[in-house]
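Notes follow once the structure below has been shown.
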Amino acid sequence: MNKYHDIGTIVKIKKCNVYIMICGFKSIDSKSKKTYDYLGCIYPMGITKPEQLILFNNNQIEEIVYKGFDDDRGKKFKKILDLIDSGAKNINVSENDYSIDTND
């Protein structure tokens, strides 16, 4: 089992008084250059301005309010995220089927 929640999952994160919907993974903060597990937007408004996007990590999640959509493609993609976390290099991903070739 991997640590990533599905796109569309709505969470409550620590020190935040609104719900956040997960809309992306592995985003990099342009100022600090730090990589975060998730990119989120405020629920229910969604993305109205880019500066309202929220970067956060799995350990900041306090509660899962609603679980987002998942299918085989989502499961395969989350395996790729796990490979990235494990330090795998040269991961080739086909956009058609998310096939995995690590070439390590």
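Matching residues to (1) assigned to a strand (DSSP E or B); (2) at positive phi; (3) of a type in the set (D, E):
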{"position": "S27", "(1), (2), (3)": "yes, no, no"}
{"position": "K31", "(1), (2), (3)": "no, no, no"}
{"position": "G40", "(1), (2), (3)": "yes, no, no"}
{"position": "G46", "(1), (2), (3)": "no, yes, no"}
{"position": "E62", "(1), (2), (3)": "yes, no, yes"}
In this structure, is D82 in contact with a Lys or Arg (Cβ under 8 Å, 6 or more places away or on another chain), outside any loop (DSSP other than H, G, I, E, B) and touching a residue at least 60 places away in the same chain (Cβ under 8 Å)? yes
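Which is over 22 Å from F77 (Cβ atoms), out of contact with any helix residue (DSSP H, G or I) (no Cβ under 7 Å at 6 or more places or on another chain) and surrounded by 13 or more Cβ atoms within 10 Å (Cβ to Cβ), of Y19, Y36? Even if it seems obvious, please write down each step before you answer.
Numbers: Y36 fails: over 22 Å from F77 (Cβ atoms).
Only one candidate qualifies: Y19.
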Just to be sure, is E63 touching a strand residue (DSSP E or B) at 6+ places or on another chain (Cβ under 6 Å) and not hydrophobic (A, V, I, L, M, F, W, C)? yes
For residues that are in a strand (DSSP E or B) and within 12 Å of I64 (Cα to Cα), tally how many sit in segment 1-25. 8
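Where a number appears in this text, it was derived from the coordinates with a stated rule and is not lab data. What you see is a predicted model, and the numbers here were worked out from it, not measured in a lab. We place every Cβ from the backbone using ideal geometry, glycine too, and count neighbours over all the protein chains shown.
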